[in-house]
Amino acid sequence: MSETSAMFPRDARWEADGTHRIPFVAYTSDEIYKRELERFFYNGHWCYVGLEAEVPNPGDFKRTVIGERSVIMVRDPDGSINVVENVCAHRGMRFCRERHGNRKDFVCPYHQWSYTLKGDLQGVPFRRGIKQDGQVLGGMPGDFKTSDHGLTKLKVATRGGVVFASFDPLVEPLEAFLGPTILGYFDRLFNGRKLKILGYNRQRIPGNWKLMQENIKDPYHPGLLHTWFVTFGLWRADNKSQLRMDDRHRHAAMISTRGQGGKSEQVTQVSSFKESMQLNDPGFLDIVPEAWWNGPTAVMTTIFPSVILQQQVNSVSTRHIQPDGHGAFDFVWTHFGFEDDTDEMTERRLRQANLFGPAGFVSADDGEVIEFSQQAFESKPFHRALAELGGRGVDDTEHMVTETLIRGMYRYWRDVMEA
């Protein structure tokens, strides 16, 4: 029996193929959660840290996290992007408290050790002691070298204005990590145009971090849970759609082309469809097709374990998953546009962004159902969830009536957790 399987009560263990029965304890165990941090966030994976447009000038920085570790993305004077851990090499203090700012160097307030923007130690107060009564008192040992005591430097990869980092110096190249299929959808959104930051939303969701990856790999719920989507045709079961995965099934893209909305045989029996629902401001549906879409009106791309790339009609954003214990995570939206957008398009993107975020017309539903799910998991950790819609296999599909992407993610999850 594998070490991970040994954690599960007898009636909650994985099925033979490990993909379609998910033990609740996978969401409630501190031991499993700590192993997830090590195996998915701190080793073998690229994690999202931000957009280059967030740090346009030398010295600009953004404080963020990978897993539960605080890191700083900073623009170096030479124009490159560095990512360093927000932990002083001296006594371990998290020295940076601002979320954004500009610095010529980083200085820990505790003992004022200072570092370059690349993370190299450059200054140690009283390194050579102090002179008193003709004697030199204190100071660091004679063999102390600043080169041995820099900040932890992460490996960095940038593509299309997006910045990823990894604590693992041997992590595979970013392009190999994404795989050719998902890379194609990544490049569709981040196609070389300069990005423009429009704003942020932040939310603390009381649920296991994997539930948000599941939520955006789940095409079953949008046309059932979200009244907005089904009533106005933005995402529902009768839309033309595709589901695509990388070869290891960890990343996925859900692709949909908007229908006309209104009645159809598939939605009139769905309680979330509200035929009488009207908009006080029709501008929320002021949708203008863009050339780079190449057809689909929505593509939701999940890059495991840390980020979701959203294109829902004209609203585009990244959604960063930041775990905080087995039963909570912070969820951070970065809404953006493109530098060549007209003022009208920028206004359109911002208006449509009201569908998302903590109080969004759509996303508020997701936060609530994740919270209710976690409450049930905690009360019944010996039970299991079911993911058999569309069968028990793991395949790309041409429709949304399936849970294949969730099965794929958990096949990968189990492979890594039990390795």
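General remarks:
- Any hit, segment 367-380, residues being closer than 27 Å to residue 314 by Cα, out of contact with any Pro (no Cβ under 7 Å at 6 or more places or on another chain), of a type in the set (Ser, Thr, Tyr) and part of a helix (DSSP H, G or I): no
- Residues of segment 136-150 satisfying the condition of being part of a loop (DSSP other than H, G, I, E, B) and touching a Leu at 6+ places or on another chain (Cβ under 8 Å): 149, 150
- Test for residue 99: is it modelled with pLDDT of 95 or more and of a type in the set (Lys, Arg): yes
- Residue check for residue 200: outside any loop (DSSP other than H, G, I, E, B), open to solvent by 60 Å² or more (accessible area, probe 1.4 Å) and closer than 30 Å to residue 315 by Cβ: yes
- Selection of segment 118-135 for residues being over 36 Å from the mean Cα position of the chain (by Cα) and part of a strand (DSSP E or B) yields 130, 131, 132, 135.
- Within segment 181-197, restricting attention to residues that are over 18 Å from the mean Cα position of the chain (by Cα) and part of a loop (DSSP other than H, G, I, E, B), the residue that is surrounded by the fewest Cβ atoms within 10 Å (Cβ to Cβ) is 192.
- When residue 343 is tested against the conditions (1) open to solvent by 10 Å² or more (accessible area, probe 1.4 Å); (2) within 15 Å of the chain's Cα centre (by Cα); (3) farther than 19 Å from residue 26 by Cβ, the lone failure is (2).
- If only residues of segment 315-332 that are in contact with a Ser or Thr (Cβ under 7 Å, 6 or more places away or on another chain) and part of a strand (DSSP E or B) are counted, the one that is nearest to residue 211 (Cα to Cα) is 321.
- Filtered residues of segment 37-46 (kept if surrounded by fewer than 23 Cβ atoms within 10 Å (Cβ to Cβ) and of a type outside the set (Phe, Trp, Tyr)): 37, 38, 39, 43, 44
- Residue 104 vs. criteria loosely packed, with under 15 Cβ neighbours inside 10 Å and within 26 Å of residue 200 (Cβ to Cβ): yes
- On inspection, residue 64 does not qualify as hydroxyl-bearing (Ser, Thr, Tyr), surrounded by 12 or more Cβ atoms within 10 Å (Cβ to Cβ) and more than 19 Å from the chain's Cα centre (by Cα).
- Residue selected from segment 47-57 under the condition in contact (Cβ under 8 Å) with a residue 40 or more places away in the chain and of a type outside the set (Val, Ile, Thr), by the criterion surrounded by the fewest Cβ atoms within 10 Å (Cβ to Cβ): 57
- Selection count, segment 331-356, where residues are touching a helix residue (DSSP H, G or I) at 6+ places or on another chain (Cβ under 6 Å) and closer than 24 Å to residue 64 by Cα: 3
- Residues of segment 381-392 classified as open to solvent by 80 Å² or more (accessible area, probe 1.4 Å) and either in contact with a Leu (Cβ under 8 Å, 6 or more places away or on another chain) or closer than 18 Å to residue 31 by Cα (or both), total: 1
- Single condition residue 295 does not satisfy, out of (1) among the small types (Gly, Ala, Ser); (2) surrounded by 15 or more Cβ atoms within 10 Å (Cβ to Cβ); (3) touching a strand residue (DSSP E or B) at 6+ places or on another chain (Cβ under 8 Å): (2)
- Any chance residue 353 is at pLDDT 95 or above, surrounded by 15 or more Cβ atoms within 10 Å (Cβ to Cβ) and of a type in the set (Gly, Ala, Ser): no
- Verdict on residue 178 being loosely packed, with under 12 Cβ neighbours inside 10 Å, within 22 Å of the chain's Cα centre (by Cα) and not in a strand (DSSP E or B): no
- Residue in segment 1-23 that is at pLDDT 95 or above and in a loop (DSSP other than H, G, I, E, B) present: no
- Residue 395 farther than 29 Å from residue 54 by Cβ, assigned to a loop (DSSP other than H, G, I, E, B), among the acidic types (Asp, Glu) and open to solvent by 60 Å² or more (accessible area, probe 1.4 Å): yes
- Against the list (1) over 24 Å from residue 388 (Cβ atoms); (2) at pLDDT 95 or above, the condition residue 249 fails is (1).
- Taking the criterion of being open to solvent by 50 Å² or more (accessible area, probe 1.4 Å) and assigned to a strand (DSSP E or B), the residues of segment 157-173 that qualify are 158, 159.
The values are calculated or read from the model by the stated rules, or taken from the named source; none is laboratory data. Note that this is a predicted model, so its numbers are computed, not measured. Quick reminder, even Gly has a Cβ in these numbers, built from the backbone with ideal geometry, and neighbours come from all protein chains shown. In case anyone asks, the SASA skips ligands and DNA or RNA and just uses the protein heavy atoms, side chains included. Shrake-Rupley method; radii C 1.70, N 1.55, O 1.52, S 1.80 Å.
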